[in-house]
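Everything below concerns the one structure shown next.
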Amino acid sequence: MSNPRYPEEFKIQAVNQVTEKKLPVAEVAARLGVSTHSLSAWIKRYSKPQEERQQEMISTLSYVVCERNSSASLKSETY
């Protein structure tokens, strides 16, 4: 069983049905054919303002890059 990928706009519209139209998560998820777990995760992610989401993404990417650089530096020192 494969995990389908949904476009960001689809996710945002699904979240809006729950947050703005006040429809139940289970109802929206069933109608759209997605799991309630996925929809809940989308709500957590897309309920935040876009600027805040982008800043979180930048922070996460910066952390990952720093960790990789640190790991690579340690490896080169040991060899």
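Per residue, the accessible area of the range 1-70 comes to 79 Å² when a 1.4 Å probe rolls over the protein heavy atoms. With all protein chains in place and a 1.4 Å probe, the accessible surface of the chain carries 54 percent carbon and sulfur.
On the beta carbon distance between Q50 and N3, with R0 = 25 Å, the FRET formula returns roughly 0.50. For T19 and T60, the difference between the fully extended length at 0.36 nm per residue and the C-alpha to C-alpha distance is 12.2 nm.
Identify all aspartates and glutamates with a Cα-Cα distance to K48 below 19 Å; exclude those on the same chain that are fewer than 8 residues away in sequence. Excluding near neighbours in sequence, the set is E8, E9, E20, E56.
Result for the chain in a Gaussian network model with C-alpha springs under 10 Å: among E67, E51, E27, the largest mean-square fluctuation is at E67. Extension gain for the segment S40 to F10, taken as residue separation times 0.36 nm less the Cα-Cα distance, is 9.4 nm to one decimal. Highest mobility in the GNM of the chain, judged by mean-square fluctuation with C-alpha springs under 10 Å and restricted to T36, T60, T19, is found for T60.
The values are calculated or read from the model by the stated rules, or taken from the named source; none is laboratory data. Model, not experiment: these values are computed from the prediction. Glycine gets a Cβ as well: all are built from the backbone with ideal geometry, and neighbour counts include every protein chain shown. Heavy atoms of the whole protein, side chains included, go into the accessibility calculation; ligands, DNA and RNA do not. Shrake-Rupley method; radii C 1.70, N 1.55, O 1.52, S 1.80 Å.
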